[in-house]
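The values are calculated or read from the model by the stated rules, or taken from the named source; none is laboratory data. From a predicted model like this one, the values you see are computed outputs, not experimental measurements. Neighbour counts are summed over all protein chains in view; Cβ atoms, including those assigned to glycine, are modelled from backbone coordinates with ideal geometry. What goes into the accessible areas is simple: the full protein's heavy atoms, side chains included, and nothing from ligands, DNA or RNA. Shrake-Rupley method; radii C 1.70, N 1.55, O 1.52, S 1.80 Å.
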Protein chains: 2
Amino acid sequence: MNSESSTSGVSPDWVDGETKVEEAPHDHGDETRLWLRLLTCTTLVETEVRRRLREEFDFTLPRFDLLAQLERAEDGMVLGEVSKRMMVSPGNLTALVERLAESGYVSRTVSPKDRRVQIIALTEAGRAAFRNMADRHGEWIGDMFKQLSARDGAALMKELGKLKNSIRATLTNPQ
Amino acid sequence: MNSESSTSGVSPDWVDGETKVEEAPHDHGDETRLWLRLLTCTTLVETEVRRRLREEFDFTLPRFDLLAQLERAEDGMVLGEVSKRMMVSPGNLTALVERLAESGYVSRTVSPKDRRVQIIALTEAGRAAFRNMADRHGEWIGDMFKQLSARDGAALMKELGKLKNSIRATLTNPQ
DNA sequence: GGCATGCTTTTTATGCTTAAAATATATTCG
DNA sequence: CGAATATATTTTAAGCATAAAAAGCATGCC
């Protein structure tokens, strides 16, 4: 998924990916269309957020997401826990954390109890930078969602909750 | 976004990214929570699709998406058009198409009318391979969405339509 | 204590993705 | 015609992402 651009001129003239997949024989067409619409919405928002993070803060979304995770862990977090929460592979985080540490936004401490474990925490600079970006982030989202009434928003939240449960049930139950 | 894993053991024990961002001052908290739920659903589905594509077909999602676009263009498609429909940058497609051409799934033809333009089309092998994968893809989605009633699915489709319009309005109107 | 086992993180190989610059071709307009 | 401008694609540099294997450490059990 995804894409960004502005100068390279992709973003504003996208067509719509919602008709990506043709009907399957046993007809899961409705579900597939729903899935593609979901994907389209997510991609539109995510791409815009990436673009703005880059433009306004010269920051990437993965970096932002990592700071966001640490924001609510006063005493820092073990790398493996960050991996689970961010839904990314542990190997992915090695380089990401490395770069954020270089920039001075996070600190790494080897656990005294278990020397395999790294505790990652926000520095003061990281906390300040994140707050700044998170404020703007909220505004961007608010802007993109603004035509949705409170009622529609609540309904969507509820329906997505059901969907999430359905997905999780399938993933948990291997078949 | 994203992640896969199975042997590397990330996928099944994810925690949930829905609480990534804290409240913003001017309070777009509701919208942000909604956005994070949307993102979670998309990530869960997308990751599973990637995993299964790899496992069952040794194929990647971008490759699959590209074939899906070409499937409905009998006479092929210009690269730029594919780029818009897939919502990815043109530069991205160069290598992707190259690899799919190597595998014999797509053909590239220079347009006789405009030598800048490449027309990409499915080969018979590509068409067959895609149909095979698309069938399974439909089943996976059907499976993950199966706890959602037809009524809920329809409601979700409708609400997402409204959201999409809201997002597009904001993106089209640069402020 | 010492070995087997398992957990946490890093490394490696590969592929996806973008932005920006470069290249190549087409079109427009003076 | 020829220069400026526009369009289509590729190249480049950097970063993100995964799976699988390797390395390092802890723990349990004999």
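Our note on the geometry: Cα centres of segment A:97-132 and segment A:134-151, 30 Å apart. Hey, what's the Kirkwood Rh for segment A:100-157 if you take every pair of different alpha carbons, in angstrom? Evaluated on segment A:100-157, it is 14.4 Å. Starting from the label point of residue B:75 at 7 Å along Cα→Cβ, the same points in the other copies fall at 6.8 nm, in ascending order.
In segment A:148-165, burial by the other protein chains removes 50 Å² or more of 1.4 Å probe accessible surface, compared with the chain on its own, from A:148, A:152, A:156, A:157, A:159, A:160, A:163, A:164.
Take the alpha-carbon centre of segment A:26-75, take the same for segment B:67-82, and report the distance between them in whole Å. Each part reduced to its Cα centre gives a spacing of 26 Å. In chain A, the beta carbon lying closest to the axis that superposes A onto B belongs to the residue given here with its whole-angstrom distance, A:42, 2. Buried accessible surface for the B/A pair, both sides summed and rounded to the nearest 100, is 8300 Å² with a 1.4 Å probe. Where the label is 7 Å out from Cα toward Cβ, how close does residue B:95 come to the same position in every other copy, in nm, shortest first? For residue B:95, the other copies' label points sit at 1.1 nm, shortest first. For residue A:117, the label point sits 7 Å beyond Cα toward Cβ; its separations from the matching points on the remaining copies run 6.1 nm, from shortest to longest.
Take each residue of peptide B:41-52, count the partner chain Cβ atoms within 10 Å of its Cβ, and average: the result is 5.
Shielding value for A:99-107 is 0, the average number of Cβ atoms from other chains within 10 Å of each residue's Cβ. Residues whose amide H falls under 5 Å from that of residue A:106, counting only those 5 or more places apart or on a different chain, are A:101, A:123, with hydrogens built in the peptide plane.
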